[in-house]
1. Considering only the range A:319-330, I want to know if a residue exists there that is touching a residue at least 24 places away in the same chain (Cβ under 8 Å) and not hydrophobic (A, V, I, L, M, F, W, C).
2. Looking at B:VAL252, B:VAL330, B:VAL289, B:VAL312, which is the one that is assigned to a strand (DSSP E or B) and either under 27 Å from the mean Cα position of the chain (by Cα) or among the basic types (Lys, Arg) (or both)?
3. All but one of (1) closer than 30 Å to A:ALA162 by Cα; (2) touching a Ser or Thr at 6+ places or on another chain (Cβ under 8 Å) hold for A:GLU241; which doesn't?
4. May I ask you to list the residues in the range A:30-51 that are more than 13 Å from DNA strand D (Cβ to nearest atom) and in contact with a helix residue (DSSP H, G or I) (Cβ under 6 Å, 6 or more places away or on another chain)?
5. Please enumerate the residues belonging to the range A:106-145 that are surrounded by fewer than 21 Cβ atoms within 10 Å (Cβ to Cβ), more than 14 Å from every other protein chain (Cβ to nearest Cβ) and without any contact (Cβ under 8 Å) to a residue 60 or more places away in the chain.
6. Go through the range A:59-75 and report how many residues are assigned to a helix (DSSP H, G or I), of a type in the set (Val, Ile, Thr) and more than 7 Å from chain B (Cβ to nearest Cβ).
7. Taking B:MET225, is it in contact with a His (Cβ under 7 Å, 6 or more places away or on another chain) and open to solvent by 20 Å² or more (accessible area, probe 1.4 Å)?
8. Checking B:GLY94 against (1) of a type outside the set (Asp, Glu); (2) out of contact with any Leu (no Cβ under 7 Å at 6 or more places or on another chain); (3) open to solvent by less than 30 Å² (accessible area, probe 1.4 Å); (4) modelled with pLDDT under 90, which test does it fail?
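The values are calculated or read from the model by the stated rules, or taken from the named source; none is laboratory data. Treat the numbers as computed from the prediction; the structure is a model and nothing was measured. Counting neighbours? That spans all protein chains shown, and the Cβs are built from the backbone with ideal geometry, glycine included. To get the accessible areas, we keep the full protein, side chains included, count just its heavy atoms, and leave off ligands, DNA and RNA. Shrake-Rupley method; radii C 1.70, N 1.55, O 1.52, S 1.80 Å.
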Protein chains: 2
Amino acid sequence: MPEQTTGASRPTLEAVAARAGVSRATASRVVNGGVGVRAPLVDKVRQAVEELGYVPNHAARTLVTRRSGAVAVIIAEPEFRIFSDPFFEQQVRGISRELTAHDSQLVLLWVEGPGDHDRIARYLGGGHVDGTLAFSLHNDDELPALIARARIPTVFGGRSEAGQRLAVPYVDSDNRGGAREAVRHLVSLGRRHIAHIAGPRDLMAALDRVDGYHDVMMDADPALMSQGDFTEESGARAMAELLDRRPDLDAVFVANDLMASGALRTLRERGVRVPEDVAVVGFDDLASVVRSTDPALTTVHQDIEGTGRLMVKLLMRLLDGTGGPVPASVITPTALVRRASA
Amino acid sequence: MPEQTTGASRPTLEAVAARAGVSRATASRVVNGGVGVRAPLVDKVRQAVEELGYVPNHAARTLVTRRSGAVAVIIAEPEFRIFSDPFFEQQVRGISRELTAHDSQLVLLWVEGPGDHDRIARYLGGGHVDGTLAFSLHNDDELPALIARARIPTVFGGRSEAGQRLAVPYVDSDNRGGAREAVRHLVSLGRRHIAHIAGPRDLMAALDRVDGYHDVMMDADPALMSQGDFTEESGARAMAELLDRRPDLDAVFVANDLMASGALRTLRERGVRVPEDVAVVGFDDLASVVRSTDPALTTVHQDIEGTGRLMVKLLMRLLDGTGGPVPASVITPTALVRRASA
DNA sequence: CCCAGCACTGAGAGCGCTCCCATGAATACC
DNA sequence: GGTATTCATGGGAGCGCTCTCAGTGCTGGG
């Protein structure tokens with residue numbers, strides 16, 4: 001038995017079986033849960049595992065089961081800044097946690113541009129991972145097509161045109177509903193001239209929030225709409241424009257907290273009182289922003305980590321083929337959080 | 001030949017060999033570079049690979065070569081915020097790029113606390129990855145010990161007590177040297193009362209910068225030292241304290257750009273002119289900060305992405321066993337970037 | 001013209017594991 | 001008490017690949 005002499009290399013199942021005095025098959029059963037093995041044998045194997053410090057060889061297992069126990073999270077370079085986005089962090093955290101709960105690992109795939117597509121396609125084709133998770137933010141992204149071509153189970157984070165066209169399931173917050181709730185809240189406060197500061201035009205989440213705004217403000221003056229790019233700076237600028245165009249506005253729904261923070265700054269600089277003169281509602285409920293605004297920001301909360309977890313859950317159902325058919329999308333609810341600004 | 005009928009499953013080397021009319025061994029040689037195979041056969045195999053869309057099965061390869069082609073990047077939960085740190089982002093980017101250049105993949109391991117240690121240890125022991133990369137920032141971290149116990153090749157990012165004790169190679173910026181250069185520059189400007197705003201006391205990088213400051217200001221008044229925690233807010237506060245204690249100070253070296261930005265704000269609020277009255281030097285050369293300060297911030301540049309790449313290079317040498325002995329540490333140079341603030 | 005020497009190629013073992021199937025023991029049924 | 005049935009266990013094939021080693025066809029020297 002060479003296993004005993006080659007003490008340097010890691011013990012195999014064979015060694016465990018030999019030590020426990022059972023066959024490799026039985027040892028395997030115990031290692032994988034031990035169903036259908038009698039208690040005394042289970043114990044003997046468990047003990048052998050313990051004593052030998054046995055850890056299953058992942059490659060060997062993958063080779064036969066055709067399951068790698070890993071999931072790729074694809075990050076496209078155009079949005080790499082997203083990486084330092086608290087948003088993204090929370091989502092990845094959720095993904096990581098849920099993956100751990102499913103005994104899977106997270107492989108980070110950083111796509112640096114079309115030149116990388118080949119490499120990624122080969123990687124996805126190589127059976128390294130069981131499925132992928134991707135964020136399709138911009139509509140012009142080539143990533144969805146790439147993933148579709150690799151024919152690997154995938155779930156998207158965020159609604160996207162390409163994703164829907166390719167029938168890839170996605171998870172998203174109820175952006176439209178959340179926006180609607182925000183604007184309705186402003187209406188219920190008796191506000192009549194409610195403006196909107198929108199996010200980037202190529203971002204579905206931003207567009208959905210615009211739609212939600214229009215659901216309530218069906219015949220709003222176009223002058224009450226202003227365009228930002230989700231940065232604080234752009235929010236400040238958009239607010240200034242709005243005030244110039246419609247000095248009579250009495251409320252503003254801002255498409256994200258960062259821009260809302262900028263809007264608040266402009267209002268303060270112009271001596272406009274919040275919420276007395278103008279009520280402000282944001283979106284995201286970002287801890288770092290919400291904590292520091294003055295007055296405290298009323299905003300639409302979304303469960304980002306939960307979204308990440310849901311992506312994994314959906315993917316796992318896709319992989320198992322159990323739990324019934326996989327829905328085309330899952331929309332997580334949002335909730336208005338009332339603070340001082342509206 | 002069942003391979004042909006099971007069109008659904010991916011082609012194997014066997015299928016490629018059959019199609020090219022060669023043996024599996026020869027096909028394997030071609031796929032792995034094709035040395036020692038005559039040109040016509042190489043072409044035939046290449047063509048078969050192309051036509052069949054063959055992608056090597058990773059698990060099978062790993063099983064025999066004992067190399068997974070993956071490297072784990074370990075992120076410890078106590079520092080999870082670091083994830084949204086531009087710093088960390090750049091470092092991971094460098095790691096990702098260099099890993100790609102070495103045909104390796106990045107597996108993200110998110111450690112959520114001591115409860116996770118078992119899971120991680122088992123993972124590292126399971127041959128999933130060839131080596132690990134970890135960031136040991138705080139001195140009280142248990143992570144280094146955990147990794148050491150797993151006996152897996154590792155490189156640390158950042159100097160740490162534990163890392164040095166366990167003789168794990170590390171890569172770090174020349175924090176001390178950079179700080180020295182910053183302070184020397186202030187001296188060369190004729191400044192005499194040079195203060196320092198330090199970073200967190202449990203962070204080696206911050207301590208090294210303090211040491212660099214002291215290297216030049218050997219008998220500095222302790223009143224010229226102030227403590228921050230690397231946030232903008234803390235920089236503003238520390239600057240205020242310094243001005244109260246030593247109104248005659250004419251320069252300040254701040255341990256990072258974020259705090260420098262805060263310090264600049266305090267100085268502006270107090271009507272202190274920069275650099276005329278007080279010269280300010282930061283550390284990091286963070287694009288997002290440096291771009292927006294007024295006046296433009298003079299700071300110490302460090303090559304974060306390069307540090308990440310170096311970590312990978314070092315690890316690869318550790319794995320290959322080639323390229324000579326692996327140094328205990330690699331320190332990347334820093335460089336003072338002169339702008340308007342000093 | 002024969003054989004040593006060389007360059008290529010193929011046969012086959014084996015990496016560590018799971019899973020199918022056969023075997024044997026124990027229990028149930030009539 | 002004999003056979004059908006269940007249940008636990010072991011034997012062994014085989015996942016797709018790499019790698020050693022033997023074999024094949026050449027060339028060149030004697």
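1. Narrowing the range A:319-330 to residues touching a residue at least 24 places away in the same chain (Cβ under 8 Å): A:319, A:326-330.
From what is left, the residues that are not hydrophobic (A, V, I, L, M, F, W, C) are A:327, A:329.
Checking the range A:319-330: at least one residue is touching a residue at least 24 places away in the same chain (Cβ under 8 Å) and not hydrophobic (A, V, I, L, M, F, W, C).
2. Numbers: B:VAL252 fails: either under 27 Å from the mean Cα position of the chain (by Cα) or among the basic types (Lys, Arg) (or both); B:VAL289 fails: assigned to a strand (DSSP E or B); B:VAL312 fails: assigned to a strand (DSSP E or B).
Every option except B:VAL330 fails the conditions.
3. Going through (1) closer than 30 Å to A:ALA162 by Cα; (2) touching a Ser or Thr at 6+ places or on another chain (Cβ under 8 Å) one by one, A:GLU241 breaks only (1).
4. Hit for the range A:30-51 is A:VAL49, nothing else.
5. Within the range A:106-145, A:PRO114, A:GLU142, A:ALA145 qualify.
6. Residues of the range A:59-75 assigned to a helix (DSSP H, G or I): A:59-65.
Checking which are of a type in the set (Val, Ile, Thr) leaves us with A:62, A:64-65.
Then drop every residue that is not more than 7 Å from chain B (Cβ to nearest Cβ), which leaves A:64-65.
So the answer is 2.
7. Values: in contact with a His (Cβ under 7 Å, 6 or more places away or on another chain): yes; open to solvent by 20 Å² or more (accessible area, probe 1.4 Å): yes.
Judged against the criteria, B:MET225 is a match.
8. Failed condition: (4).
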